[in-house]
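To keep things clear, I will list the structure first and then write my remarks on it.
Just so you know, all these numbers are worked out from the coordinates, no wet-lab data involved. These numbers were taken from a predicted model, which means no experiment stands behind them. Cβ atoms come from the backbone with ideal geometry, glycine included; neighbour counts cover every protein chain shown.
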Amino acid sequence: MTVLAVETSCDETSVAIVSAGVVRINLVASQIQLHAEYGGVVPELATRAHLRNLPILVRRALAAAEIAAGDLDAVAATRGPGLPSALLVGLKAAQGLAFALDRPFLGIHHHEAHLYSPWIAGQPPQAAFSAFEPNIALIVSGGHTLLVRVDSVTQHQVLGATIDDAAGECFDKTAKLLGLPYPGGPEIDRLAVGGDPAAFALPRPLLHAPNDDFSFSGLKTAVRYLVRDRPQAVAEPAGRRDLCASIQAAIVEVLVAKSLRAALRLGLPCVTAAGGVTCNRALRQALAEGCAQAGLRLQLAQPSLCTDNAAMIGILAEQRLLAGAPSTAWDADIEPAWTLAPPRSPAAQGA
Ligand code: KG4
Ligand code: ZN
């Protein structure tokens, strides 16, 4: 089966062609430069950029795969959650293509695609669901921080989420307080190298709370006060590196501790991580060390599939279609606030 997939939920326009579980083409037009001067994603600009980029990427993807639109067996797109107008561009274009070709269409949940993206492995990336094990999945991006129990490729349950800022948002906002360019996550990752992670005592919000939720706004506020009260300390290069290392260490410690704790509590053998923040080198290393110590398997999304991409949409769509999933209607609407399955009762969470 050959599937063309589209992703436009936020600030990346992406088109992929997936065939028999293999990602043949995965094109991503990043809008980072477009939004950098505003310090965050501007929905109107993102939407216009998707409108400009999408037809070009679809043509390029088909040409690179050396196929014609008529060779496609199905079309898929992100249906939600995301920025409404940005989602509309990709969903409606994909539905229109499926309608014109008279092929099945599948609207995919963006977080479900992140959830299963660690099971896309190798070069070229391909579906590795045969290696699947029940796991605790950490999804960490600019907009979301979720801890999910994943029992099979169709069954999952959200255990916890951030009650305020997402982990990526915390990276981006604290970086902004330090005067670093957007997006701040990769900047902090870079500057933290050589910094002392214990130089500044920063809070680890909800680290010991008896639940699977996260909170990062207190950490952001602590950094704001540090910058205000000790401007000298953070102005010089060494102090700035130390502060970046300290911010990163605080975020990583909470993410890793809570992921591992949930896996051990629920007796799940594996931890996975996906979403843009999973590019962070300290997070990848701390998860690897923590899982090795706890005797857990670790399955990380490969860096090119951590940030938003259509490959993960296409792989999941093909997998679902082969399993007999019904098509999504050609006129189905976007779902900007679509949530994953809600938390179970405390007893079912093993609390
Ligand atoms: O998944 P993503 O591409 O977009 C959504 O938000 O859905 O994630 C983007 C986020 C941004 O907050 C960015 O700063 C963060 O991922 N990020 C990182 C790194 N690379 C990207 N955060 C920390 N370290 C990184 N290396
Ligand atoms: Zn995402």
message: Below 8 Å between Cα atoms, with a sequence gap of 6+, how large is the relative contact order for the chain in percent?
response: 24
task: Work out from phi, with θ = phi - 60° and the Karplus expression 6.51 cos²θ - 1.76 cosθ + 1.60, the ³J(HN,Hα) of each residue of segment 276-286, listed in order in whole Hz, and give x for Gly and Pro.
output: x, 5, 5, 5, 4, 5, 5, 5, 4, 5, 5
- prompt: Over what distance in Å are the Cα centres of segment 137-156 and segment 44-123 separated?
  reply: 21
query: About its Cα centre, how strong a charge dipole does segment 183-261 have in debye, to the nearest 20, once Lys and Arg get +1 and Asp and Glu get -1 at the Cβ?
result: 120
message: Restricting everything to alpha-carbon atoms, can you work out Rg to Rh for segment 1-85 with a Kirkwood hydrodynamic radius?
response: 1.01
query: Near the amide H of Ile25, under 5 Å away, which other amide H atoms are found, from residues 5 or more places off or on another chain, if H is placed in the peptide plane?
result: Ile17
- request: Work out the length of the dipole vector of segment 32-185 about its Cα centre, built from +1 on the beta-carbon of each Lys and Arg and -1 on the beta-carbon of each Asp and Glu, and round it to the nearest 20 debye.
  value: 360
message: Quick check on the chain: helices-only [θ] at 222 nm, where DSSP H runs of length 4 and up contribute -39,500 (n - 2.57) each and the sum goes over total residues. Nearest 500, please.
response: -13500 deg cm²/dmol
- line: Diffusion coefficient in µm²/s returned for the chain by Stokes-Einstein, Kirkwood Rh over C-alpha pairs, 25 °C and 0.890 mPa s, is 119
field: Least to most buried among Val6, Val252, Val153, Val58 (fewest other Cβ within 10 Å first)
entry: Val153, Val58, Val252, Val6
task: Starting from the Cα of Arg281, move 7 Å in the Cα-to-Cβ direction to define the label point; list residues of segment 177-214 whose amide nitrogen is under 11 Å from there.
output: 189-195
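Do you know the relative contact order of segment 134-301, to the nearest whole percent, from alpha carbon pairs under 8 angstrom that are 6+ apart?
28 percent.
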- prompt: Between Tyr38 and Ala238, what FRET efficiency follows from the Cβ-Cβ distance if R0 is 35 Å, with the result rounded to 0.05?
  reply: 0.70
task: Starting at the first residue of segment 304-317, write each ³J(HN,Hα) from the Karplus equation 6.51 cos²θ - 1.76 cosθ + 1.60 with θ = phi - 60°, in whole Hz, x for Gly and Pro.
output: 5, 10, 6, 6, 4, 7, 7, 4, 5, 5, x, 4, 5, 4
statement: Extension length gain for Ala64 and Ala201 (0.36 nm per residue less Cα distance), in nm, is 44.2 nm
statement: Scan of the chain for GluC sites (Glu not before Pro) in DSSP loops with at most 11 other beta-carbon atoms within 10 Å gives a longest site-free stretch of 67-351
message: Under the rule of at least 5 residues apart or a separate chain, name every residue whose amide H is placed under 5 Å from the amide H of Arg297.
response: Cys270, Val271
query: Dipole magnitude of segment 134-301 about its Cα centre, charges +1 at Lys/Arg Cβ and -1 at Asp/Glu Cβ only, in debye to the nearest 20?
result: 80
